[in-house]
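See below for the structure under consideration.
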Amino acid sequence: MSAIEVQALFKSFGPIKAVDGLDFSIKAGSTTALLGGNGAGKTTTLSMLLGLLLPTSGSITVLGEDMVRHRYRVLPRMNFSSPYVDLPHRLSVRQNLKVYGGLYGVERLADRIAELTAELELGEFIDRPAGKLSAGQKTRVALAKALLNKPDLLLLDEPTASLDPDTADWVRGWFHSYQRATGATIVLASHNMTEVERMCDHVLMMKQGRIVDQGSPADLIARFGRASMEEVFLDIARDRRRGEER
Amino acid sequence: MSLSSRRIQAMCLRHLYILKGSWPRLLEMAYWPAVNMVVWGFTNRFFAEHSTWVAQAGGILIGAVLLWDVMFRGNLGVALSFLEEMWSRNLGHLSVSPLRPHELVVSMLTMSLIRTVIGVLPAALLAIPLYHYSIFTLGLPLVAFWFCLMVSGWAMGLAVSALVLRFGLGAESLAWVLIFAMAPLAGIYYPISTLPAWLQPVAWALPPAHVFEGMRAVVFEGTMRLDLLASALALNAVYLALGAGLFLWAWHGARVRGALLNVGE
């Protein structure tokens, strides 16, 4: 069963084609990466999956609902995290979680916040303003906000950008255990190939708004005759044929 | 069109947390209306001694400035609630939450009401011991005037928010300045008949002109002009619909352009 179905998806900004005819589906319960260089169309695609950006044409079905027409039916079952979108800085972590819990209609909100505080170790800074946290603490808070409503679909834009390797590893581990516990679908855009190899079942390789290849990380590595996803990425980015020397 | 009181409450809570956490903000909200009232209080006292028109109705200028502040604060309350989301780069998270744009609008209007009461009420109370003038002696008409001017401020605040959403934070100063374009035409301190004949129809097309004429009718003649109230309400309905429509149109445009994810400072 598919969590996401995308058909003939186009998005243009004036003369620029940011997304140029995407067709793909994402299996429920999987972790899928959107990979590609800067300007490949990953963030544009992610924004359209969230309903934040309207497509020029094409259809997007998320958790069985048409995302263009009925996004509000499905938004309570989704969530999103990005290091590039902040939570209100002047509000404390607890206040932010209370506000977003209200927006997502979380039942027994105080219990849920207590649960996340314990699991994500937020206790030390739960009453501190969100703007006064370190990058690692902010990531944990963003994660708590993203998991408040126990989403069936989690969309992540570069979830470990600007984190030290230890915190990044902890975050990846957390997503993995959340998925195992809930069977949620995770879609992420990332530039971190180690992360993709470790977390993802499926990879959509994008270039100039199109999907140029796809498969599991192991499949892609084998098909390109390379040792890692990073080398596969470079092959695609630099238009090298499979197995061609660098 | 569904409207969730829980989501609206959550948005109001978000702004109330900010107010609660910052006494300088609370002070600032009450400061300008109070200073304005004090200045116009002395002006009123001077004119009361030198103008038969002002002398006929004690405190007319103080009442006018307090009511003008209702409209100004109403506008600012809406625009600042929206600007706060842009300054904190929070619009992306809000846009992917189940919060509908019209619920965001209702929360902005609710916060505007709260901010206006916090801003204008202390000035109105201060006028009583300072100038022996109580705007509350207007009685029930005061509620009608307050409501009409507040709605006019809301319409303007929504239009300003739409412009900021469309043109970015470079347009944020409009929240403070745009409403003053209406001030000369609103007849705050003088009757509309003072304006040149060609300008009077323009003034009558604005709800505040009807409200301030109505206020003068109450103060000078002791009569509540229901015709003026009805026209103010009808015009307000049109302007509020236009303001809300403009905001929702700008919101839709931002979704087409992809402007919701990366707006901010």
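The values are calculated or read from the model by the stated rules, or taken from the named source; none is laboratory data. This structure is a prediction, so every number in the text was calculated from the model and none was measured. Every residue, glycine among them, receives a Cβ derived from its backbone with ideal geometry; neighbour counts consider all protein chains shown.
Listed values, structure above:
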read-out	value
Pick from segment A:29-48, criterion away from chain B (no Cβ under 13 Å) and aliphatic (A, V, I, L, M), ranking: surrounded by the most Cβ atoms within 10 Å (Cβ to Cβ)	A:Leu35
Selected residue [buried (at least 16 other Cβ atoms within 10 Å of the Cβ) and more than 28 Å from A:Asp157 (Cα to Cα)] from B:Leu163, B:Leu226	B:Leu163
Single residue of segment A:86-141 satisfying the filter (of a type in the set (Asp, Glu) and within 24 Å of the chain's Cα centre (by Cα)) that is farthest from A:Phe175 (Cα to Cα)	A:Asp86
Criterion: of a type in the set (S, T, N, Q) and within 30 Å of B:Tyr133 (Cβ to Cβ) - qualifying residue of B:Asn36, B:Asn90	B:Asn36
Filtered residues of segment A:91-148 (kept if of a type in the set (Val, Ile, Thr) and in a helix (DSSP H, G or I))	A:Val93, A:Val99, A:Ile113, A:Thr117, A:Thr139, A:Val141
Flag if A:Gly51 is more than 11 Å from chain B (Cβ to nearest Cβ), touching a residue at least 12 places away in the same chain (Cβ under 8 Å) and not acidic (Asp, Glu)	no
Flag for B:Ala162 being closer than 26 Å to B:Leu104 by Cα, at pLDDT 95 or above and assigned to a helix (DSSP H, G or I)	yes
Selection from segment B:1-42 of residues that are free of Cβ contacts under 8 Å to residues at least 40 places away in the same chain, within 23 Å of the chain's Cα centre (by Cα) and more than 14 Å from chain A (Cβ to nearest Cβ)	B:Leu27, B:Glu28, B:Tyr31, B:Val35, B:Val39, B:Trp40
Residue pairs meeting the criteria (Cβ under 9 Å; at least 6 apart or on separate chains; first on the phi > 0 side of the Ramachandran plot, in segment B:161-178; second part of a loop (DSSP other than H, G, I, E, B))	B:Gly168/B:Ala259; B:Gly168/B:Val263
Close pairs (8 angstrom Cβ cut-off, 6 or more residues apart or separate chains): within 14 Å of chain B (Cβ to nearest Cβ) and free of Cβ contacts under 8 Å to residues at least 40 places away in the same chain in segment A:7-28, of a type in the set (D, E, K, R) and assigned to a strand (DSSP E or B) anywhere	none
A:Thr44, sole failed condition from (1) modelled with pLDDT under 95; (2) farther than 30 Å from A:Pro217 by Cβ; (3) of a type in the set (S, T, N, Q)	(2)
